[in-house]
Amino acid sequence: MRALRLPKTTLLVACLMAAGCIAPETDQAQPSAWVKTHRLAGGDIIVRAPKDYCVARSAKPTSDFVLLARCDALTAQGNVSPRSSGVLTVSTSAPMRNSETSLDLAAALGDDSVASKKVPDLTLRKMNARPGGPLPGAAAEHWRGLLRFQNRVISFAAYGPEGSTVLGQSGLRLLESLALETVKASEATNQAAN
């Protein structure tokens, strides 16, 4: 079986966490007016940001990757405490071939992965990278989730600096919320199209 390859998000997230390179949104709109969804996989997968998070448009979302940040961090006056800061990423695999549909997501994530109690088919794991963390400015610990949806694998991740609540159980809950909202939005869009 071919190994699952997760997209390289390191440079983008490192840039966000360490250098603040995601430019602040220039309009002063309220979070409810900001972008809360992004289409992946040719529009078949609709990523819907969880509460308090928005699409970081200046991070240049693509057809297979999107980065989400706290809405209040995206303003010119954004001043989010390290404790509540974090970024979420979502990416999709290419369509799976028949030989890949039996991919074991728990094995792909590794030991200590668990099945979500709230989202069917979502597997989660708290990762611990090498000393120094996976990214400059980010803690070594971060959350990852994999979800088989339609004929693709969707990868979710939550990163934060040391001391961020995203590194604890709230990170797991954020990924579950993100995955659940993404599935609901995608299913509703696909049903409306049929």
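The values are calculated or read from the model by the stated rules, or taken from the named source; none is laboratory data. Being a predicted model, the structure only gives us computed values, none of them experimental. Here Cβ is always computed from backbone atoms with ideal geometry, including for glycine, and neighbour counts include all displayed protein chains. Ligands, DNA and RNA are stripped out before the accessible areas are found, and what is left, the full protein with its side chains, is counted by its heavy atoms. Shrake-Rupley method; radii C 1.70, N 1.55, O 1.52, S 1.80 Å.
Remark: spin-label model distance A140-R57 equals 3.9 nm, labels positioned 7 Å along the Cα→Cβ axis.
Tell me the carbon and sulfur percent of the accessible area for the range 34-193, rounded to whole percent, probe radius 1.4 Å. C and S fraction of accessible area: 49 percent.
Residues whose amide H lies under 5 Å from that of S85, counting only those 5 or more places away or on a different chain, are T165; hydrogens are built 1.01 Å from N in the peptide plane. Put simply, the amide H of I45, placed in the peptide plane, has neighbours under 5 Å in L40, leaving out anything fewer than 5 places away on its chain. What you get for the range 34-193, charging only the Cβ of Lys and Arg (+1) and of Asp and Glu (-1), is a dipole of about 280 debye around the Cα centre. Annotated for the range 34-193: lysine pairs at least 8 residues apart or interchain, Cα distance under 16 Å, count 6. Scaled against 2.2 N^0.38 Å for its residue count N, the alpha carbon radius of gyration of the range 34-193 is 1.02.
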